[in-house]
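A.B. asks: This is the structure, below, for whatever I ask next.
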Amino acid sequence: MLEIEHLVTGYGGVPVLQDVSLTLAAGEIVGLLGANNAGKTTLINSLSGVYAPMSGRILFEGADVTALTPRERVELGIVQVPEGRLVFPDMSVRENLLLGGINRRARPGRARQMEHVLELFPRMKERLSQDAGTLSGGEQQMLAIGRALMAEARILMLDEPSLGLSPLFVQYIFGIIDKLHAEGLTILLVEQNLNLTLRHAQRCYVLERGRVAIEGPADAIKNDPRTRSAYLGL
Amino acid sequence: MAEFLQALTQGLLIGSTYGLLALGMGLVYGVSGVVNFAHGDFIALGMFMCLALYSALSLDPYVSIIITVPVMMGIGALVYRYLLRPMVGYKFLMIVQLTLGLSLVLQNGILMVFGGQPARTPSAVESKLWILGEVVMRVPHVIAFVVSFALAIGLYVMLRSTDFGRSIRAVHQNAHAASLMGIDVGRVQVLTFALGIGILAIAAALLLPGTPIQPTMGLRYTVITLLVVVLGGMTNFVGIMLGGLVIGISEAFGTIYLSDILGMLLPYGIFVLIMLFRPQGLTWGAAR
Amino acid sequence: MRPEFYKVLASPVLWGILILAAPLPFLLPSYYLHIVILSLVYVALASSWNIVGGMAGQISLAHSLFIGTGAMLSTALLLKLGINMWVGLLISAAISAMLAAMIAWIDYRFRLGHLSFVLITLAFAEMGGLVVEGWDFLGGASGLLLPRDTGHFLDFQFGGSHGAFWVMLLLAVVCVLVNVAILNAPLGYYLRTIRDNENAARAIGVNVLRYKVAAMVISAVLASIVGTAYVRYLTFADPYLLISPVITIEIVLFATVGGLGSAFGPALGALLLVPLGEILRGQLGGVLPGLHYFIYGIVVIAVILITPQGLLPLFERLWKRRPGAAATRPPTVAP
């Protein structure tokens, strides 16, 4: 469904991602692992179109989307839940969700999609008119995921969804991720938390200083001695 | 007492339009961080367009806005797209300098076309009065008040309950996150700037009847608008309207109760004091 | 003081320019002499503004307050109280210094941001203009007319445009050299530190208040003195010219076009734009009043869009490329 071919991305002429290739099949849940500064967030933002690549291609369902703007990619259904959640703090939960579905493809079905999201997160239903800035961290993560789903995501990219959450909430959020996977959504999961990701993902890539160091099924990655060293940035 | 009421009314009427002027600036600042020092010159431009339309077609200023609003919005969109957008990412000060340059261009462009003599644009209601008890109100002021508040309320509703309004607020609160929603941030900024300039076109017509206009008047309006925006806390909708009333009322009281010069100084004095002791503006974290 | 300052002071280019310029009043027709004098006035003003606006990175719109104090107050003191204009110059400069210190203190005490500083200084400038317009002692809206310049040096008279030229040349050179001196002195270093990150500067123990006050006061005193000399040359103290924010805006634009924060950038901007503007005004002012301001606006927008650092870096590249380029290059600091 998504293919990244020899992607090189950077800012100010300095490449951060160096020749990254990665594939994502429909309905798959793929983990993207790596230490801090390995380039995980840069990769996600390249997929969202925030950064223009210096070279390489991104294919979505066989079509080249490398040159598309962030808006056009959201309209295709390539949607991310950003690191740190980035909900709109001074808007209500409802307005946040509506903004999630503001793109041209999702707008006509917003009401239906909203119902679906509120079913998934009953907590959001109670908080509909509350400002997003007053929610707890876990609730904000729910809102951020709900907001991305409102865009009628076809590939959901989650950037560090467990960051700063209590263990209980982490469990809850990963339960939701499994549920979405079961519904058939394609998911790219970026995490620092190694064990958690290996438990939920089918395949994983380990990034090390902007390159793919290891890739393979989750079990193989788990037992690969290189994983720990790549992870610790050794 | 009658004098007091008269001053209060006068201040409220004028202050509402100041608030409207400032809303345009506050919106633009909110989505793109641009403080437009040519703001007042756009008002002057709007007024002179009305004058031209009056001279050519004897249109009443209130009618002229049908033409001036879309034209000014177009100019605003072009200015943002080609002059201000390339400055995104540069320091705030570069934008100040650029808009100061723009101010000179507009002011003197007007001067070259219309000459420097003070001019008037008559309106059918210009000299009509509306008397309420002991208070005498000029009808253009009443119209300005009503239209300003109607527009402010309209803007508020637009920001709260339309997709475009929510996009504006989203870009204001977090531009990066907004772009991840599929909002075209650059487009929202261009449209907001155009909207701000369109508001100025309306405000220009509201302020016009009975006011002698000169090409150099823009700077005064820029300063007043800046005072109001800062008083209102830059992007706080209610605060800005309140700021407009404060400046309008202090101007009116100043000219009635104090000597000429002290009266003119009063709004600036209030501004400096509020700036220093309540830099976050008049309201306490209300709407927006 | 770093040795670069003495290098500039001893530079043959500087003295060459001065020696070449000195006889200009005898060579130029009065119209062109007037343009040269105006250019020098703005070289001095833009350079004096640069100390706060460029080096400390704070767009102060209060400069007209100091120019206006120097011009209007010294004139009023002479006409209304009979105080010798040399004394008036000193009194005005002292008052400008006090106003400047007050503004710098407010800036420091209330930790104004960039925008707040622009607005506060603009408010002070507007208030200054209103005070002059409303107070007959300072000439009110109609201004004040100085007695004819008969060349009595002790009465601050320099004998018309010939004398005015030398006075302005001196002031322009002084203002530029003060810029060079500050850039090469500890003050310049501290101002740059404050400009780049005021909080960090405070944290490492830089006496921010002291340097802010110093920059503002030096800038204001220079502006005030130039204001007094300028009004003597003009003979007419026009409040709408001398204490209007418009004069500050012009200065800001000249400095921006030339290159903020460098020692010679603001001077370069004024030397390019003032003659251009004056010639345009002379040729087309009757037909198209305001054309020169219009062109200033266009130039500043173009410069900001094309070379945001100002024109000086371009000129420097040319200068360096000349055969036998030596180390006389002035120290520049990018804004």
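The values are calculated or read from the model by the stated rules, or taken from the named source; none is laboratory data. These figures come from a predicted structure and were not determined experimentally. Cβ coordinates were reconstructed from backbone atoms using ideal geometry, including for glycine residues, and neighbour counts include every protein chain displayed. Ligands, DNA and RNA are excluded from the accessible area calculation, which covers all protein heavy atoms including side chains. Shrake-Rupley method; radii C 1.70, N 1.55, O 1.52, S 1.80 Å.
A.B. asks: Looking only at the range C:50-84, count how many residues are in a loop (DSSP other than H, G, I, E, B), touching a residue at least 40 places away in the same chain (Cβ under 8 Å) and of a type outside the set (A, V, I, L, M, F, W, C).
C.D. replies: 4
Per-residue answers, yes or no, for (1) out of contact with any helix residue (DSSP H, G or I) (no Cβ under 6 Å at 6 or more places or on another chain); (2) farther than 30 Å from B:Ala175 by Cα; (3) in contact (Cβ under 8 Å) with a residue 24 or more places away in the chain; (4) surrounded by fewer than 24 Cβ atoms within 10 Å (Cβ to Cβ):
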residue: B:Ile43; (1), (2), (3), (4): no, no, yes, no
residue: B:Ser64; (1), (2), (3), (4): no, yes, yes, no
residue: B:Gly76; (1), (2), (3), (4): no, no, yes, no
residue: B:Gly89; (1), (2), (3), (4): yes, no, no, yes
residue: B:Met94; (1), (2), (3), (4): no, no, no, yes
residue: B:Gly101; (1), (2), (3), (4): no, no, no, no
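A.B. asks: Still on this structure, please answer the following. Which of the residues belonging to the range B:97-130 are more than 20 Å from the chain's Cα centre (by Cα), among the aliphatic types (A, V, I, L, M) and in a helix (DSSP H, G or I)?
C.D. replies: The answer is B:Leu111, B:Met112, B:Val113.
A.B. asks: Which of the residues that make up the range C:139-180 are more than 27 Å from C:Ile19 (Cα to Cα), open to solvent by less than 40 Å² (accessible area, probe 1.4 Å) and within 24 Å of the chain's Cα centre (by Cα)?
C.D. replies: C:Gly139, C:Gly143, C:Leu144, C:Leu146
Quick grid of which residues meet (1) surrounded by 22 or more Cβ atoms within 10 Å (Cβ to Cβ); (2) within 24 Å of A:Leu168 (Cα to Cα); (3) at pLDDT 85 or above; (4) of a type in the set (Asp, Glu):
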{"position": "A:Asp178", "(1), (2), (3), (4)": "no, yes, yes, yes"}
{"position": "A:Leu188", "(1), (2), (3), (4)": "yes, yes, yes, no"}
{"position": "A:Asn193", "(1), (2), (3), (4)": "no, yes, no, no"}
{"position": "A:His200", "(1), (2), (3), (4)": "no, yes, yes, no"}
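A.B. asks: When you scan the range A:27-41, how many residues do you find that are at pLDDT 85 or above and over 21 Å from A:Phe174 (Cβ atoms)?
C.D. replies: Residues flagged as at pLDDT 85 or above and over 21 Å from A:Phe174 (Cβ atoms) within the range A:27-41 amount to 1.
A.B. asks: Something else: From the list A:Gly175, A:Gly146, which residue is without any contact (Cβ under 8 Å) to a residue 12 or more places away in the chain, outside any loop (DSSP other than H, G, I, E, B) and within 27 Å of A:Leu24 (Cβ to Cβ)?
C.D. replies: From the options A:Gly175, A:Gly146, the qualifying one is A:Gly175.
So that you can scan it fast, the table gives a plain yes or no per residue for (1) modelled with pLDDT of 90 or more; (2) over 26 Å from B:Leu111 (Cβ atoms); (3) open to solvent by less than 10 Å² (accessible area, probe 1.4 Å):
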position	(1), (2), (3)
B:Leu5	no, yes, no
B:Leu12	yes, yes, no
B:Gly19	yes, yes, yes
B:Leu27	yes, yes, yes
B:Ser32	no, yes, no
B:Gly40	yes, no, yes
B:Leu51	yes, no, no
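A.B. asks: Right, next: Name the single residue, out of those in the range B:261-288 being open to solvent by 70 Å² or more (accessible area, probe 1.4 Å) and at pLDDT below 70, that is nearest to the other protein chains (Cβ to nearest Cβ).
C.D. replies: Ranking the qualifying residues of the range B:261-288, first place goes to B:Pro279.
A.B. asks: List the number of the failed condition for B:Met47; all other conditions in (1) open to solvent by 10 Å² or more (accessible area, probe 1.4 Å); (2) of a type outside the set (Lys, Arg); (3) over 18 Å from B:Gly232 (Cα atoms); (4) touching a strand residue (DSSP E or B) at 6+ places or on another chain (Cβ under 7 Å) hold.
C.D. replies: Going through the list (1) open to solvent by 10 Å² or more (accessible area, probe 1.4 Å); (2) of a type outside the set (Lys, Arg); (3) over 18 Å from B:Gly232 (Cα atoms); (4) touching a strand residue (DSSP E or B) at 6+ places or on another chain (Cβ under 7 Å), B:Met47 breaks only (1).
A.B. asks: Still on this structure, I have one more. Is there a residue being closer than 30 Å to B:Leu242 by Cβ and either within 14 Å of chain A (Cβ to nearest Cβ) or of a type in the set (D, E, K, R) (or both) anywhere in the range B:110-121?
C.D. replies: no
A.B. asks: Sticking with this one: Residues in the range B:78-87 that are surrounded by fewer than 17 Cβ atoms within 10 Å (Cβ to Cβ) and at the interface with chain C (Cβ under 10 Å from one of its Cβ atoms): how many?
C.D. replies: 2
A.B. asks: Identify all residues within the range A:45-98 that are hydroxyl-bearing (Ser, Thr, Tyr), in contact with a Gly (Cβ under 8 Å, 6 or more places away or on another chain) and within 10 Å of chain B (Cβ to nearest Cβ); write none if there are none.
C.D. replies: A:Thr69
A.B. asks: Let me ask another. For B:Gly233, state whether it is away from chain C (no Cβ under 14 Å), at positive phi and either at pLDDT below 90 or open to solvent by 30 Å² or more (accessible area, probe 1.4 Å) (or both).
C.D. replies: no
A.B. asks: Could you run through the range C:254-278 and say how many residues are under 30 Å from C:Gly139 (Cβ atoms) and modelled with pLDDT under 90?
C.D. replies: Looking only at that region, the number is 2.
A.B. asks: Continuing with this model, one more query. Please tell me if C:Gly113 is small (Gly, Ala, Ser) and free of Cβ contacts under 8 Å to residues at least 24 places away in the same chain.
C.D. replies: Criteria met by C:Gly113.
A.B. asks: So, A:Asp224, is that one charged (D, E, K, R), more than 26 Å from A:Asn45 (Cβ to Cβ) and surrounded by 14 or more Cβ atoms within 10 Å (Cβ to Cβ) or not?
C.D. replies: Yes.
A.B. asks: To continue, here is another question. Go through the range A:179-195 and give me each residue that's in contact with a Gly (Cβ under 9 Å, 6 or more places away or on another chain) and among the acidic types (Asp, Glu).
C.D. replies: Within the range A:179-195, just A:Glu191 meets the criteria.
A.B. asks: Right, something else. Looking at the range C:187-223 only, could you name the residues that are among the small types (Gly, Ala, Ser) and surrounded by fewer than 22 Cβ atoms within 10 Å (Cβ to Cβ)?
C.D. replies: C:Ala200, C:Ala201, C:Ala203, C:Gly205, C:Ala214
A.B. asks: While we're on this one: Could you say which residue among B:Phe149, B:Phe114 is open to solvent by 30 Å² or more (accessible area, probe 1.4 Å) and within 30 Å of C:Leu273 (Cα to Cα)?
C.D. replies: Within the list B:Phe149, B:Phe114, the selection yields B:Phe114.
A.B. asks: In addition: Among (1) in contact with a His (Cβ under 8 Å, 6 or more places away or on another chain); (2) among the aliphatic types (A, V, I, L, M); (3) away from chain B (no Cβ under 14 Å), where does C:Ile59 come up short?
C.D. replies: Against the list (1) in contact with a His (Cβ under 8 Å, 6 or more places away or on another chain); (2) among the aliphatic types (A, V, I, L, M); (3) away from chain B (no Cβ under 14 Å), C:Ile59 comes up short only on (3).
A.B. asks: Determine if the range B:188-205 includes at least one residue that is within 14 Å of another protein chain (Cβ to nearest Cβ) and surrounded by fewer than 19 Cβ atoms within 10 Å (Cβ to Cβ).
C.D. replies: There is no residue in the range B:188-205 that is within 14 Å of another protein chain (Cβ to nearest Cβ) and surrounded by fewer than 19 Cβ atoms within 10 Å (Cβ to Cβ).
A.B. asks: Hey, among the residues in the range C:117-138 that are over 21 Å from the mean Cα position of the chain (by Cα) and without any contact (Cβ under 8 Å) to a residue 24 or more places away in the chain, which one's farthest from the other protein chains (Cβ to nearest Cβ)?
C.D. replies: C:Asp136
A.B. asks: Please count how many residues of the range C:248-303 are touching a residue at least 40 places away in the same chain (Cβ under 8 Å), open to solvent by 10 Å² or more (accessible area, probe 1.4 Å) and outside any helix (DSSP H, G or I).
C.D. replies: 2
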